[in-house]
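First comes the structure, then the notes that go with it.
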Amino acid sequence: MSPYVSYAVIIFILCSLVYAQVYRASSTTKRINLSSSNEIRNLLDPPTPLAEQLTARATSNARLMRAFSIHSTFVHGDIDTHTTFTKAAVELISRHRLPWTLFADIASNVVDAHLHRLSSVAFDTFISRITLHVVIVGLLQLEPSFYKIDPDDLDVVAGNINRLWTMSKTTTEIPSHMLAEVNVRLHRWLPTYSNPIEFVIPVYETLWRVIAVTVALNHNRSDVRAVFAAFLSQPDSRRYHYIPDGDPSVEVVMQEVLRLYPPTRRISRTYTASDFNLKYLPSFLAQCMTRTITQVADIEALQRDSVWGVDVNDYDPMRHLPQRCGEAQRRTLLAFGAGKLTCVAKTWAPHAAAVIVATILDRVGDGDKTEFEVVAGGGIGGRSGWDGWRIQRVGRGEEIVG
């Protein structure tokens, strides 16, 4: 190679490196928020191979691997991990393994165990205890002796999961003792699982806020309480979908809760992109001329789209009846995602949440016919924001006893 060619190559490389740095520095579009139905569906159900979709999801969820030391399909992009985890999850929620009548019995026993000595407790603490306890017994253990789990231990696990989830969004400096406190308890309860938190988090995180919101919105509605009472006596699919004359079905109640308060408000996918054809560039140069882009599907905004009418922000289960809910409305309902990575518990989770809600409403009411009542706070919360809400034994006032 002549010296002139060598110089030309060197100059080309140097110029390319300089341009690449300028290109990356000027590429400020790293986060793109999506709120329209077509945009979000294209993000969640793209015409790309499964492996690419898994990688895009895993990259977006890297913070969860750091916070919880999980290695499931949510944070790993390989197909084998996805297949193994999905198969195990489907088996756990199988109706053959866990019929709805058995699940309802478990929920009833858990709720009774926690109400037995209860005087008064914060509403979100009670709901998170019940949900986590039912997940441990109903899905992962199926051992009656575990009805006696110490509420304080449940509070540590639920509270630390909540705090770790929140911290993972804002910092990489996460205290190691918080996860250790969770894992030591989960391993004690679930000794056959190598990393039980990988199965606990997806179910618990999906269910507990949905259950909390459903109880909060309906504890003083006699029509909904009656429908859920009938459902608890026969918690199968037929009763779940059954529409009484003039009253909402259990299904439409859960659909409306999920519409207004989706358990996952935003779904992200992260990938690399470039404005240039990098096919013929050396790999180190190509890498310099790519950028990382995160697209964020705003599920909460989509499900409150104006297509639902002027009362879009109001809680109205009856809007999901067939005569009021057409294709335009149904296309906005993406609480469990879309495409190849749709949540495997899309059908199971609302039904399971409804069973637990029915059990709670059967024991806890507005103080007229039950021994316990819901005391409402200022507004509907989520992961936090439940100030003033509590569950208390009728006539026990402000005393807080876990």
Task: Qualifying position, being exposed (fewer than 15 other Cβ atoms within 10 Å of the Cβ) and in contact (Cβ under 8 Å) with a residue 12 or more places away in the chain, among Thr214, Thr172 - done: Thr172
Open item on the list: Testing Leu190 on (1) of a type outside the set (Lys, Arg); (2) at pLDDT 95 or above; (3) over 13 Å from the mean Cα position of the chain (by Cα), one condition comes back false. Which one is that?
Closed with: (2)
- [ ] Would you point out the residue of the stretch 82-116, among those that are of a type in the set (Gly, Ala, Ser) and without any contact (Cβ under 8 Å) to a residue 40 or more places away in the chain, that is farthest from Leu50 (Cα to Cα)?
- [x] Ala113
- [ ] With respect to Ala56, determine if the residue is buried (at least 21 other Cβ atoms within 10 Å of the Cβ), of a type in the set (A, V, I, L, M, F, W, C) and either farther than 22 Å from Val357 by Cβ or in contact with a Gly (Cβ under 7 Å, 6 or more places away or on another chain) (or both).
- [x] yes
Open item on the list: Ala352 - would you say it is of a type outside the set (S, T, N, Q) and closer than 28 Å to Ser72 by Cβ?
Closed with: yes
Open item on the list: Looking only at the stretch 62-112, how many residues end up being closer than 21 Å to Phe228 by Cα and hydrophobic (A, V, I, L, M, F, W, C)?
Closed with: 9
Open item on the list: I'm checking my understanding of the structure. Among residues of the stretch 190-247 that are part of a helix (DSSP H, G or I) and in contact with a His (Cβ under 9 Å, 6 or more places away or on another chain), which one is nearest to Val75 (Cα to Cα)?
Closed with: Glu198
TODO: Specify the residue that is modelled with the lowest pLDDT; the eligible residues are those in the stretch 156-178 that are farther than 24 Å from Arg265 by Cα and part of a helix (DSSP H, G or I).
DONE: Ser176
Task: Flag if Ser72 is surrounded by 13 or more Cβ atoms within 10 Å (Cβ to Cβ), touching a residue at least 24 places away in the same chain (Cβ under 8 Å) and in contact with a helix residue (DSSP H, G or I) (Cβ under 7 Å, 6 or more places away or on another chain) - done: yes
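The values are calculated or read from the model by the stated rules, or taken from the named source; none is laboratory data. Treat the numbers as computed from the prediction; the structure is a model and nothing was measured. Because the Cβ atoms are built from the backbone with ideal geometry, glycine has one as well, and the counts that use them run over all protein chains shown.
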